[in-house]
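Enquirer: Sharing a structure here in structure tokens format.
Laboratory data are not the source of any read-out in this text; all were calculated from the coordinates shown. Not measured: the values here are computed from a predicted model. Note that we place each Cβ from the backbone using ideal geometry, even for glycine, and neighbour counts take in every protein chain shown.
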Amino acid sequence: MATTVGGTRTGPAPASLKLPGTVLGVGLGGFVDGIALHQLLRWHHMLTSTDDDRIGVKYYDPGTVSGLEMNTVWDGVFHAVCWLAVLLGLAVLYSRVTHNRRAVWTSRVLWGWVLAGWGLFNLVEGVLDHHILGIHHVHGGPHQLWWDLGFLALGALLLVGGWLLQRSGRPFDPDAPAARRTARDA
């Protein structure tokens, strides 16, 4: 329990928004990838490059019905993992913020960590799936390396931009009286 000494709070630090923001960002970043690149643009699915992958996964040609069905199943598994990440991020956020929940949704700290999580998703997914495993590429074809590198560059920009954004806010203390918080806190 926090105490006050000479007008200054002492005791445990307020719960950090880093973990819930990052986990939310990973899940939301995965959804953007899956919805935009897998479904709307149809540039790739989870297993579209397994004809020349590095781990020996059977090739499921997305140009055939059976191949598209298998790729769609694995896209669904991918989306289920994204959904679980979002649920986990929301659960951790809810457990850490018991008061002033409205203010946390406008917090630079939270949204900075969400952007950082999205960037982390791009970097990990890009390095692992595009380069190490080779199971798919952002946009297959003669320039696929440039698309994959662009995806990594976007991830790095999101990670750095999110980190800078969260640093521009103050740590959110849900137990602090509203009068002590400034517009910059929110």
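Enquirer: In a shell of Cβ-Cβ distance under 12 Å around residue 61, excluding residue 61 itself, what net charge do Lys and Arg (+1) and Asp and Glu (-1) give?
Expert: Values: positive: 58; negative: 51, 69.
Result for the neighbourhood of residue 61: -1.
Enquirer: Using alpha carbon centroids, what distance separates region 60-125 and region 126-141, in Å?
Expert: After rounding, the separation between the Cα centres reads 19 Å.
Enquirer: Just need the relative contact order of region 46-117 here, percent rounded to a whole number, with Cα pairs under 8 Å and 6+ apart.
Expert: 17 percent
Enquirer: Let me ask something additional. Can you give the FRET efficiency for residue 102 and residue 168, using 1/(1 + (r/R0)^6), R0 = 25 Å, r = Cβ-Cβ distance, to the nearest 0.05?
Expert: Computed FRET efficiency for residue 102 and residue 168: 0.80.
Enquirer: OK, next. Between residue 95 and residue 77, what is 0.36 nm times their sequence separation minus the Cα-Cα distance? Round to one decimal in nm.
Expert: Contour length minus Cα-Cα distance gives 3.8 nm.
Enquirer: Lys and Arg at +1, Asp and Glu at -1: add these up for the other residues within a Cβ distance under 14 Å of residue 128 and post the number.
Expert: -4
Enquirer: Report the local net charge at residue 115: Lys and Arg +1, Asp and Glu -1, summed over other residues whose C-beta lies under 14 Å from its C-beta. Before the final figure, lay out the partial values.
Expert: Values: positive: 18, 108, 167; negative: none.
Summing Lys and Arg as +1 and Asp and Glu as -1 gives +3.
Enquirer: Per residue, how much space in cubic angstrom lies within the convex hull of the C-alpha atoms of region 82-159?
Expert: Cα convex hull per residue, to the nearest whole number: 97 Å³.
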